[in-house]
Amino acid sequence: MTRLCRTFQTAPAAVPRDNSAKFLDSGLTSEGFSTPDWLVPDIEDGTAPSMKAEAVDNIVDRLPDHAPDFAGEILPRVEWAYDDPEFRDRGTEQVHRLASEVGEHLDGIVFPKVGRVEDVREAAGMLAEAEREAGLDDGALDMAIILETAPARSDLGEICAFAADSRLAGLVFGPVDYTAELGGRALHGERPRWDGLLEALSNETSAAGVVAIGGPFDQLFHERAGVTYYNAEGYADQVEHEATIGIDGSWSLHPKQTAQANRIHMPSTDELDRDLTKIEAFNEAKREGTGAVVVEGQMVDEATYKNFANTVLQVRAIDETHPAQTGEFYDADLLERALSVELVFN
Amino acid sequence: MTRLCRTFQTAPAAVPRDNSAKFLDSGLTSEGFSTPDWLVPDIEDGTAPSMKAEAVDNIVDRLPDHAPDFAGEILPRVEWAYDDPEFRDRGTEQVHRLASEVGEHLDGIVFPKVGRVEDVREAAGMLAEAEREAGLDDGALDMAIILETAPARSDLGEICAFAADSRLAGLVFGPVDYTAELGGRALHGERPRWDGLLEALSNETSAAGVVAIGGPFDQLFHERAGVTYYNAEGYADQVEHEATIGIDGSWSLHPKQTAQANRIHMPSTDELDRDLTKIEAFNEAKREGTGAVVVEGQMVDEATYKNFANTVLQVRAIDETHPAQTGEFYDADLLERALSVELVFN
Amino acid sequence: MTRLCRTFQTAPAAVPRDNSAKFLDSGLTSEGFSTPDWLVPDIEDGTAPSMKAEAVDNIVDRLPDHAPDFAGEILPRVEWAYDDPEFRDRGTEQVHRLASEVGEHLDGIVFPKVGRVEDVREAAGMLAEAEREAGLDDGALDMAIILETAPARSDLGEICAFAADSRLAGLVFGPVDYTAELGGRALHGERPRWDGLLEALSNETSAAGVVAIGGPFDQLFHERAGVTYYNAEGYADQVEHEATIGIDGSWSLHPKQTAQANRIHMPSTDELDRDLTKIEAFNEAKREGTGAVVVEGQMVDEATYKNFANTVLQVRAIDETHPAQTGEFYDADLLERALSVELVFN
């Protein structure tokens, strides 16, 4: 099991409203299933060029009050671009200021538009330098990157090998920039899903023991017959697909998306009950000397067993950090079975 | 054309029955289309922890009697795991005992849960050592691996480059362990198919000239209205998909699956007739100086020709080792055309 | 934006007709949307073994007359094969003769069946040598390769890294040879689409800044109730899929295919109008200090903006080399908006 990150919610750190920190405040004070596991105050694409400075000000201003009570982790997204030194200069300045002024409230920094592995190393080195200057412990600040350029995809294996031995703790898919970089087109209204990339992302992050996060779903609202409504179906379909292929968490652009993705990346009651039943039957079969057993038409052996065990381990991880969520979601008996069942691997 | 392996049938080498070698015996004495091209007596996940020793005993006991008359190849699966030395120690012991006691009846050894290419080299080195100690010829024992961990998938290219120059003769997909390792979930009752991995597996094994085998299909039985029946449709769909993308053979968990996969990886009568007709037309066209010809709406040139030739070459390979199967499957005229048509590449 | 290549039309350079250069002549004198961006006189699979010499003669004979007025680029396909020195010897002879006799009318050479990156380097070195002997400027002749073997697919990353620093300017998928090499089968009448390869091809060529071209569609004609007709639907479906995933251009086997693919790889009127509208709205929003804006239910930010900008850039590239095509395709107001809209990245 890797670190818990069911949800990666970006919140523009400055918007042209009376309260320019409106979305940042809302993220930092969210409750229950609307609290993202990772909150990402966004200084990059979500914030207009003219408001970047105010975005950093807002983060510096709000974190001391709200970060201590926030249940998840906080990793601002700064500016960066492998192919443009101006972006890297601005990002360097943003990182240094954040580290020195609110470093103790941060869990890490998110870097967009990284290129080949050398560029990822450069970002990591800069972050280490900022950490040191701010007087923080070595490794206090983790790092996540957005995988959204052709050279980064080309170097995915090398980047994840670097992640296995460094502060790089998560890779997040950025499909919109990625599609633009490859020259893809939404010919029938939808961008491609980039299945090959997602499968490779799931594999390489698993090999490195770091977190994989899917891309944002930007068709937030639908309109029909004059009524505009939240597109819950479309987002849930994407998040379910990500969960199916072992992407650990999903990008959220809105508290409603966070509330959905937190639940989807949490085993359902049926799933938990089904997998517990198979674990219990196999534990029994092993005691009787059988290496495999058929439960409801499906063969259960050591290999399938590991999949059922993952379900239980995820429930335990959520229960540890968010007991209110597991308490609300499962009935007490089922949760007790999940917390107490013996998991035997041999 | 690589070595013939339409079917890779695992048989638990010890089960808690009156005859603990029941499935091993059944595999070794199978006949006709139920005989797997590769029979894999399973000491690993198919056999309970308490029966591993008896599993090795059974193989040592049965092979001298049955192996000489068995039409396919025999490669036991031992214990192994890149991330656990206990498994490697037990696997090493199993390999040494098998090589020394029944080495002359074995075609190779199957290693599960290998990791990066260094781990595959380690297993190969251990096998070479056991082969030497047993007094067998150098290279007498081939090796196949189950591709079912994130680091092995990450190193697939390097592993196949090693295969091109070593005793590593086959790669077999293990989707259940693989899905568990990536943290994938059967959210709607089915695990992902891992299309990207399968395509890469087909490519890299072809580049190395070694065999590629698909993963097991464990939904063996269906139940409807109180009747449980063999799931022939589901398995055939999977095997046909594997054949389509150039996976050479399929994993079988049951003699019925073996009987199906042996036939699916054998060109059908219609397919053979269709491809022979196109080969004959193109041979004629080339004699007349045409580089491409349209047969039934499809352009035939040197490139399509190679695909049609593959059909004929597969029939010839099966005919060589299993003439009873080709004799039963094709009418005499069609088989004669396949055996005698001239294949011209230039 | 990479070099414009919406269409890669192969034309057999010698066929057994009264005029053996019939298809070559037709390609060189095509007009309007039937003119391919890249015309590929084919000495390889489209030309019968007995007519290879005449194929070279035809190219040498026709280019001086027609090449100067041809609107696209001209890159003959010669013989080559990573696994057969006879093909490389014949290809070497063909390249030397073409470079020395009509080098000034050529834009490059297409090499089929290349293998690992060393083989691609060998072809490039031979071409450089022929170029020098012919007295042409260094780099006068570009090079494209057909990606159609397992070792070339295995080395795709390395080959594209080579492309970034060399005369290798394009990679073209060859699905028929590729399927034969992997041993794939058209079990239900269709070869696999090789989605993983296409996605990797789009990514690696983008990272290298070179052109990616899809494979040929050889089901040229359909027959129903006694009438044979051009299969416009099937080809358009394939080309649209290629455009969706960022494959820059499509292979054409026929002037009708060229006419279709040139249009599909050109933004439609609706697409251009839609993307211009979003660009204009976002330009406006940025002036007002907003980093993201919702237009018709879709969030527009810097990342989506780049996709819309691609649409405009493609129109401008076509307008520059084929103003007659843009003039015919778009109404004057829309084209003017595309040519004059400000594209702001920051």
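The values are calculated or read from the model by the stated rules, or taken from the named source; none is laboratory data. Here the structure is a predicted model, which means the values were calculated and not measured. Heads up, the Cβs are rebuilt from the backbone with ideal geometry, glycines too, and the neighbour counts pull from every protein chain shown.
Quick one: is A:Phe23 closer than 24 Å to A:Ala317 by Cβ and assigned by TED's automatic domain parsing to the domain that holds A:Leu171? So A:Phe23 does not fit the description; no.
Of these, C:Ala281, C:Ala309, which one is small (Gly, Ala, Ser), under 27 Å from C:Glu336 (Cβ atoms), surrounded by fewer than 21 Cβ atoms within 10 Å (Cβ to Cβ) and within 8 Å of another protein chain (Cβ to nearest Cβ)? Being small (Gly, Ala, Ser), under 27 Å from C:Glu336 (Cβ atoms), surrounded by fewer than 21 Cβ atoms within 10 Å (Cβ to Cβ) and within 8 Å of another protein chain (Cβ to nearest Cβ) holds for just one of C:Ala281, C:Ala309, which is C:Ala309. Here A:Glu288 meets each of (1) within 14 Å of chain B (Cβ to nearest Cβ); (2) closer than 27 Å to A:Thr35 by Cβ with one exception, condition (2).
Test A:Val295 against the criterion of being touching a Pro at 6+ places or on another chain (Cβ under 7 Å) and either closer than 18 Å to A:Glu73 by Cα or more than 9 Å from every other protein chain (Cβ to nearest Cβ) (or both), and give yes or no.
Against the criterion (touching a Pro at 6+ places or on another chain (Cβ under 7 Å) and either closer than 18 Å to A:Glu73 by Cα or more than 9 Å from every other protein chain (Cβ to nearest Cβ) (or both)), A:Val295 does not qualify.
Residue under question is B:Thr149, and the condition is that it be out of contact with any Cys (no Cβ under 7 Å at 6 or more places or on another chain) and either more than 14 Å from chain A (Cβ to nearest Cβ) or without any contact (Cβ under 8 Å) to a residue 40 or more places away in the chain (or both); does it hold? So B:Thr149 fails the test. Screening B:Glu342 on (1) farther than 19 Å from C:Ala186 by Cβ; (2) touching a Gly at 6+ places or on another chain (Cβ under 8 Å) shows it passes everything except condition (2). Among the residues of region A:233-252, some residue qualifies, meaning at least one is more than 14 Å from chain B (Cβ to nearest Cβ) and farther than 25 Å from A:Thr47 by Cβ. Hey, any hits in region B:213-227 for a residue that's in a loop (DSSP other than H, G, I, E, B), more than 21 Å from the chain's Cα centre (by Cα) and assigned by TED's automatic domain parsing to the domain that holds B:Phe111? Yes, there is a match, as at least one residue in region B:213-227 is in a loop (DSSP other than H, G, I, E, B), more than 21 Å from the chain's Cα centre (by Cα) and assigned by TED's automatic domain parsing to the domain that holds B:Phe111. Within region B:68-103, the set of residues being buried (at least 21 other Cβ atoms within 10 Å of the Cβ) and at pLDDT below 95 comprises just one member, B:Gly72.
Residue count for region B:312-346, restricted to those that are hydrophobic (A, V, I, L, M, F, W, C), free of Cβ contacts under 8 Å to residues at least 40 places away in the same chain, surrounded by fewer than 16 Cβ atoms within 10 Å (Cβ to Cβ) and within 23 Å of B:Ala243 (Cβ to Cβ): 1. A single member of A:Glu242, A:Glu223, A:Glu233, A:Glu190 is buried (at least 23 other Cβ atoms within 10 Å of the Cβ) and of a type in the set (D, E, K, R), and it is A:Glu242.
Counting only residues that are of a type outside the set (A, V, I, L, M, F, W, C) and within 14 Å of chain A (Cβ to nearest Cβ), how many does region B:10-37 have? So the answer is 7. The residue that is farthest from the chain's Cα centre (by Cα), counting only those in region B:163-208 that are part of a loop (DSSP other than H, G, I, E, B), of a type outside the set (Ser, Thr, Tyr) and more than 9 Å from every other protein chain (Cβ to nearest Cβ), is B:Gly189.
Search region A:46-56 for residues being under 17 Å from A:Ile109 (Cβ atoms) and modelled with pLDDT of 95 or more, and hand back the single one that is surrounded by the fewest Cβ atoms within 10 Å (Cβ to Cβ). Looking at residues that are under 17 Å from A:Ile109 (Cβ atoms) and modelled with pLDDT of 95 or more, I get A:Val56.
Would you be able to say whether some residue in region A:122-129 is surrounded by fewer than 18 Cβ atoms within 10 Å (Cβ to Cβ), more than 14 Å from chain C (Cβ to nearest Cβ), at pLDDT 95 or above and in a loop (DSSP other than H, G, I, E, B)? Scanning region A:122-129 turns up no residue that is surrounded by fewer than 18 Cβ atoms within 10 Å (Cβ to Cβ), more than 14 Å from chain C (Cβ to nearest Cβ), at pLDDT 95 or above and in a loop (DSSP other than H, G, I, E, B). Selection within region B:228-250: residues that are part of a strand (DSSP E or B) and among the hydroxyl-bearing types (Ser, Thr, Tyr). The member of this set that is farthest from the chain's Cα centre (by Cα) is B:Thr228. Filtered by the rule that a residue be crowded, with 24+ Cβ neighbours inside 10 Å and more than 30 Å from A:Gly209 (Cβ to Cβ), region A:24-45 gives a lone residue, A:Leu24. Determine, yes or no, whether B:Thr228 is buried (at least 23 other Cβ atoms within 10 Å of the Cβ) and hydroxyl-bearing (Ser, Thr, Tyr). It is false that B:Thr228 is buried (at least 23 other Cβ atoms within 10 Å of the Cβ) and hydroxyl-bearing (Ser, Thr, Tyr). Within region A:205-212, the presence of a residue that is buried (at least 19 other Cβ atoms within 10 Å of the Cβ) and either more than 30 Å from A:Phe345 (Cα to Cα) or charged (D, E, K, R) (or both) is excluded. The single condition among (1) in contact with a Gly (Cβ under 8 Å, 6 or more places away or on another chain); (2) in a helix (DSSP H, G or I); (3) within 13 Å of C:Ile43 (Cβ to Cβ) that C:Pro151 does not meet is (3). Which of the following residues is in the same structural domain as B:Trp251 (by TED's automatic domain parsing) and more than 18 Å from the chain's Cα centre (by Cα): B:Glu73, B:Glu86, B:Glu44? It is B:Glu86.
The residue that is surrounded by the fewest Cβ atoms within 10 Å (Cβ to Cβ), counting only those in region A:251-277 that are polar (S, T, N, Q) and not in a loop (DSSP other than H, G, I, E, B), is A:Thr269.
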